[in-house]
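Enquirer: Below: one structure in structure tokens.
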Amino acid sequence: MNGFFHLPSDLQNTWLGLVGLHLREALLPVLAGLVVALPMAQLCVRFRWLYPPVLGVTTVLYAIPSLAFFVVLIDYTGLSETTVMIPLAVYTLVVLVPAIVDGIRSVPQETLDAADAMGFGPLRRYVQVQLPIAVPAILAGLRVATVSSLSLVSVGTLIGNQGGLGNLLTDAMFYHRPMLAVNSVVTTAVLAILLDAALVLVRILLMPWMPRATRAKRTRADARPEPSAIALEDAAR
Amino acid sequence: MIRIDSVTKRYPDGTVAVDRLSLEIPDRSITVLVGPSGCGKTTTLRMINRMIEPSEGTITLDGVDIGKQPVNSLRRSMGYVIQNAGLFQHRTIVDNIATVPRLLGWSKDRSRARARELMERVGLDASLAKRYPYQLSGGQQQRVGVARALAADPPVLLMDEPFSAVDPIVRKGLQEELLRIQEELGKTIVFVTHDIDEAIRLGTMVAVLRTGGRLAQFAPPAELLSSPADTFVEDFLGTDRGIRRLSFFTSETLELTKSPIVSVDSSAEEIASRATPEAPYLLVTGLDGKPLGWSDPGDLAAGEIAADRLLPYGRPFEYGKDSLRAALDCAVLSPTGWAVAVDGTGRVAGVVSQQTIGEAIRSAHASGQRDEKVAG
Ligand SMILES: Nc1ncnc2c1ncn2[C@@H]1O[C@H](COP(=O)(O)OP(=O)(O)O)[C@@H](O)[C@H]1O
Ligand SMILES: [Mg+2]
């Protein structure tokens, strides 16, 4: 373990510093993705015909390699974190939009009728009824998006030390220190597990209203692409 | 008063759900809309709180066209109860009930205090207040639905098949509860159901709708049973409407007799003197005056009563409180053909034969006498 946390000076960062950088580069895009996905999903629920094309576009965007995004973005945002985070934010949409749409569509018609009959306006109904009931499905989507984003940050290495913990991988090759690669992989994995657990905890604390049995069933069904599967797929990029 | 004035609803696909319907819904009573599935009941109800807008015609509330009122405040002045309750699954029971008061701007504390008051009113235990809807039975959820509709004390209550999804025993309890609440609060209730028995049990007035959203008959339940407007209504009422109509006649008119009644401690001579050719059986009562069973006088001749050989007396009816229907039912179920009448405390008030009940039914029909909502 000697030297596990001792990093080459060209990284200009400590291990903890890299962890912080990595988390920021992974989580800000998820947040941005959520902010964009919420209104997009609402539009898709409101105008049903919009949903298939939106799904198609998010899927196509997801299929574009991040390197291609970088090539285009470098002209505008340079060799910066922003250049790394924009594609990551775009990738989250493929998970978040369907998760939110499914969540909002899962609100029973009777519940909506009751809200209408009690004189909820459309905005109040969205904020106080539809959104809260959709939260479990949205959280399931967030779990997938978070883990996926965490593993994708490493590609930032391609534009020079913008890959958070991924920077360790290039250094491992450069300095022939395989321990650095182990460090990168293990730390990323631990972060993924911790964040996932945190989101599960949030759900348990925030949603005492969900029946236990369906709680387990529902998250399994909603997290259609399993987090681990996506992470593996992303690592292959 | 809610007045529906030649209202038609044509959906965009051309379906005519309601066809030139006119109804005057009296205040402070239960008006039931009943008819087969798809006959436009829900559509009619939802036009009253403007969840659906009529294609033609107007609906007025106390003389004011509801189409000219702000829609959300109109809706908040009308409680709405639906099948499966439609509760907010993410809110506690007390917060579900407090929804409309909160919308009306009441403070959280005041709304919750009001909600707890209503839980008691609809027969929900206070311990359920902090539970979530999934932790309640269907019947309890339905009670929450009623409490939620009543929370802001609206003058009007719209109910769309509220009890259809619960089992028959729970449904009967909910119906009785509704009648009790209505007696206390005197709301103007429009109640939709496809169940004619429910309509007759609850309605002060019953509107029978036929497919295509046309009114077949609008009448009090007893009138519906005695003089259905046409064969559609007659068929919809079912084959036993004559029997059901008896629910509206009181058993008070029955002439009871006490002669075939003996106490367990009667003497042999007394027993022997009681049996008549018209009443070959004797009803044996306990020392407390409550019925024990019917006995063949031959068995009693020995002067002692063999309690294990008495015939069951079936279900007695409460004299004056139960209807002629209940009395007839007792007589039909009794192995001797005689019904046992009891008073409020369960002591025997007398017995009556099927024949006597039959005469009472004929004279009741003849006089058209009608007793408001006799139970049973
Ligand atoms: N939104 C709608 N669009 C088209 N037709 C409808 C719509 N809602 C109801 N209908 C039709 O209108 C008729 C009456 O429906 P409804 O009022 O729901 O009947 P009920 O409540 O008596 O079962 C039915 O034939 C139904 O199919
Ligand atoms: Mg209906």
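Enquirer: Condition first: more than 16 Å from ligand 2 (Cβ to nearest atom) and of a type in the set (Phe, Trp, Tyr). Now tell me which residues in the range B:190-235 satisfy that.
Expert: B:Phe218, B:Phe232
Enquirer: Is it the case that some residue within the range A:168-184 is within 11 Å of chain B (Cβ to nearest Cβ), of a type outside the set (Asp, Glu) and either open to solvent by 10 Å² or more (accessible area, probe 1.4 Å) or in contact (Cβ under 8 Å) with a residue 60 or more places away in the chain (or both)? Steps first, answer last, please.
Expert: Of the range A:168-184, the ones within 11 Å of chain B (Cβ to nearest Cβ) are none.
No, every residue in the range A:168-184 fails to be within 11 Å of chain B (Cβ to nearest Cβ), of a type outside the set (Asp, Glu) and either open to solvent by 10 Å² or more (accessible area, probe 1.4 Å) or in contact (Cβ under 8 Å) with a residue 60 or more places away in the chain (or both).
Enquirer: Looking at A:Ser106 and the list (1) open to solvent by 10 Å² or more (accessible area, probe 1.4 Å); (2) hydroxyl-bearing (Ser, Thr, Tyr); (3) away from chain B (no Cβ under 14 Å), which single condition is not satisfied?
Expert: (3)
Enquirer: Based on what the data block shows, is B:Asn84 within 16 Å of ligand 2 (Cβ to nearest atom), open to solvent by 50 Å² or more (accessible area, probe 1.4 Å) and under 26 Å from A:Ser106 (Cβ atoms)? Steps first, answer last, please.
Expert: Details: within 16 Å of ligand 2 (Cβ to nearest atom): yes; open to solvent by 50 Å² or more (accessible area, probe 1.4 Å): yes; under 26 Å from A:Ser106 (Cβ atoms): yes.
Judged against the criteria, B:Asn84 is a match.
Enquirer: Further, regarding this structure: Any residue in the range B:1-9 that is open to solvent by 10 Å² or more (accessible area, probe 1.4 Å), of a type in the set (D, E, K, R), within 12 Å of ligand 1 (Cβ to nearest atom) and touching a Pro at 6+ places or on another chain (Cβ under 7 Å)?
Expert: Within the range B:1-9, the first condition is being open to solvent by 10 Å² or more (accessible area, probe 1.4 Å), and the residues that meet it are B:1, B:3, B:5-6, B:9.
If we keep only those that are of a type in the set (D, E, K, R) as well, we get B:3, B:5, B:9.
This time we only want the ones that are within 12 Å of ligand 1 (Cβ to nearest atom), so: B:9.
From the residues that got through so far, the ones that are touching a Pro at 6+ places or on another chain (Cβ under 7 Å) too are B:9.
For the range B:1-9, residues open to solvent by 10 Å² or more (accessible area, probe 1.4 Å), of a type in the set (D, E, K, R), within 12 Å of ligand 1 (Cβ to nearest atom) and touching a Pro at 6+ places or on another chain (Cβ under 7 Å): present.
Enquirer: So, in the range B:45-70, of the ones that are closer than 19 Å to B:Phe218 by Cβ and assigned to a helix (DSSP H, G or I), which residue ends up nearest to ligand 2 (Cβ to nearest atom)?
Expert: Of everything passing the filter in the range B:45-70, B:Leu45 is nearest to ligand 2 (Cβ to nearest atom).
Enquirer: Does B:Asp5 count as charged (D, E, K, R) and part of a loop (DSSP other than H, G, I, E, B)? Quick ask: steps written out before the conclusion?
Expert: Details: charged (D, E, K, R): yes; part of a loop (DSSP other than H, G, I, E, B): no.
When the stated conditions are applied, B:Asp5 does not pass them.
Enquirer: Take the residues in the range B:101-122 that are open to solvent by less than 30 Å² (accessible area, probe 1.4 Å), within 22 Å of B:Gly138 (Cα to Cα) and modelled with pLDDT of 95 or more; name whichever of them is farthest from the other protein chains (Cβ to nearest Cβ). First the steps, then the outcome.
Expert: Initial filter on the range B:101-122 (open to solvent by less than 30 Å² (accessible area, probe 1.4 Å)): B:101, B:103, B:111, B:115, B:118-119, B:122.
Within this subset, residues satisfying the condition of being within 22 Å of B:Gly138 (Cα to Cα) are B:115, B:118-119, B:122.
Next, from what is left, pick out any that are modelled with pLDDT of 95 or more: B:115, B:118-119.
On the way: B:Ala115: 14, B:Leu118: 15, B:Met119: 18 Å.
So the residue we want is B:Met119.
Enquirer: Moving on to the next point. Out of the residues in the range B:141-190 that are open to solvent by 10 Å² or more (accessible area, probe 1.4 Å) and within 16 Å of ligand 1 (Cβ to nearest atom), state the one that is farthest from B:Ile2 (Cα to Cα).
Expert: Once the filter is applied, the top-ranked residue is B:Ala165.
Enquirer: Right, next: Tell me which of these A:Ile100 doesn't satisfy, since it passes every other one: (1) away from chain B (no Cβ under 13 Å); (2) more than 15 Å from A:Leu34 (Cα to Cα).
Expert: (2)
Enquirer: Count, please, the residues in the range A:56-75 that happen to be of a type in the set (A, V, I, L, M) and open to solvent by less than 80 Å² (accessible area, probe 1.4 Å).
Expert: Narrowing the range A:56-75 to residues of a type in the set (A, V, I, L, M): A:57, A:60-61, A:63-64, A:67-68, A:71-74.
With the extra rule that they be open to solvent by less than 80 Å² (accessible area, probe 1.4 Å), the set shrinks to A:61, A:63-64, A:68, A:73-74.
Of the residues in the range A:56-75, 6 are of a type in the set (A, V, I, L, M) and open to solvent by less than 80 Å² (accessible area, probe 1.4 Å).
Enquirer: Scan the range B:191-217 for residues that are open to solvent by 60 Å² or more (accessible area, probe 1.4 Å) and either within 21 Å of B:Arg28 (Cα to Cα) or in contact with a His (Cβ under 6 Å, 6 or more places away or on another chain) (or both) and jot them down.
Expert: Hits for the range B:191-217 are B:Arg201, B:Thr204.
Enquirer: What number of residues within the range B:88-99 satisfy the criterion of being facing chain A (nearest Cβ under 10 Å) and open to solvent by 10 Å² or more (accessible area, probe 1.4 Å)? Let's see the steps before the verdict.
Expert: As a first pass, look at the range B:88-99 and keep what is facing chain A (nearest Cβ under 10 Å): B:88-92, B:96, B:99.
Add one more test, that the residue is open to solvent by 10 Å² or more (accessible area, probe 1.4 Å), and what stays is B:89-92.
Count: 4.
Enquirer: Follow-up. Kindly indicate the residue of the range A:1-55 that is polar (S, T, N, Q) and in a helix (DSSP H, G or I) and also least open to solvent (accessible area, probe 1.4 Å) among those meeting that condition. Working first, answer last.
Expert: Of the range A:1-55, the ones polar (S, T, N, Q) are A:2, A:9, A:12-14, A:42.
Filter once more, keeping what is in a helix (DSSP H, G or I): A:9, A:42.
On the way: A:Ser9: 106, A:Gln42: 48 Å².
The extreme case among them is A:Gln42.
Enquirer: Spot the failing condition for B:Leu61; the list is (1) within 16 Å of ligand 1 (Cβ to nearest atom); (2) surrounded by fewer than 22 Cβ atoms within 10 Å (Cβ to Cβ), and only one is missed.
Expert: (1)
Enquirer: Filter the range B:19-44 for residues that are away from ligand 2 (no atom under 11 Å from the Cβ), surrounded by 14 or more Cβ atoms within 10 Å (Cβ to Cβ) and not in a strand (DSSP E or B) and give the result.
Expert: Of everything in the range B:19-44, just one residue is away from ligand 2 (no atom under 11 Å from the Cβ), surrounded by 14 or more Cβ atoms within 10 Å (Cβ to Cβ) and not in a strand (DSSP E or B), namely B:Ser29.
Enquirer: State all residues of the range B:228-252 that are closer than 22 Å to B:Ala326 by Cα and surrounded by fewer than 17 Cβ atoms within 10 Å (Cβ to Cβ); if no residue qualifies, say none.
Expert: Looking only at the range B:228-252, we keep the residues that are closer than 22 Å to B:Ala326 by Cα, and these are B:237-252.
The answer is B:Gly238, B:Thr239, B:Asp240, B:Gly242, B:Ile243, B:Glu252.
Enquirer: What's the total number of residues in the range B:315-355 that are touching a residue at least 12 places away in the same chain (Cβ under 8 Å) and open to solvent by 40 Å² or more (accessible area, probe 1.4 Å)?
Expert: If we filter the range B:315-355 for residues that are touching a residue at least 12 places away in the same chain (Cβ under 8 Å), which is where we start, we get B:315-344, B:346-354.
Of the ones still in play, those that are also open to solvent by 40 Å² or more (accessible area, probe 1.4 Å) are B:315-316, B:318-319, B:321, B:325, B:329, B:332-333, B:335, B:338, B:343-344, B:347, B:354.
Final tally of qualifying residues: 15.
Enquirer: Now, a different point. Would you call B:Ala85 within 22 Å of B:Leu45 (Cα to Cα), in a loop (DSSP other than H, G, I, E, B), more than 8 Å from chain A (Cβ to nearest Cβ) and out of contact with any strand residue (DSSP E or B) (no Cβ under 7 Å at 6 or more places or on another chain)? Lay out the reasoning, then the answer.
Expert: Working: within 22 Å of B:Leu45 (Cα to Cα): yes; in a loop (DSSP other than H, G, I, E, B): yes; more than 8 Å from chain A (Cβ to nearest Cβ): no; out of contact with any strand residue (DSSP E or B) (no Cβ under 7 Å at 6 or more places or on another chain): yes.
No: the conditions fail for B:Ala85.
Enquirer: Suppose the filter is of a type in the set (D, E, K, R), touching a Gly at 6+ places or on another chain (Cβ under 9 Å) and outside any helix (DSSP H, G or I); does B:Glu269 pass it?
Expert: Details: of a type in the set (D, E, K, R): yes; touching a Gly at 6+ places or on another chain (Cβ under 9 Å): yes; outside any helix (DSSP H, G or I): no.
Against the criterion (of a type in the set (D, E, K, R), touching a Gly at 6+ places or on another chain (Cβ under 9 Å) and outside any helix (DSSP H, G or I)), B:Glu269 does not qualify.
The values are calculated or read from the model by the stated rules, or taken from the named source; none is laboratory data. Computed from a predicted model, the values in this text were never measured in an experiment. Neighbour counts run over all protein chains shown; Cβ positions are idealised from the backbone, glycine included. The area values use the complete protein model at the heavy-atom level, side chains included, leaving out ligands, DNA and RNA. Shrake-Rupley method; radii C 1.70, N 1.55, O 1.52, S 1.80 Å.
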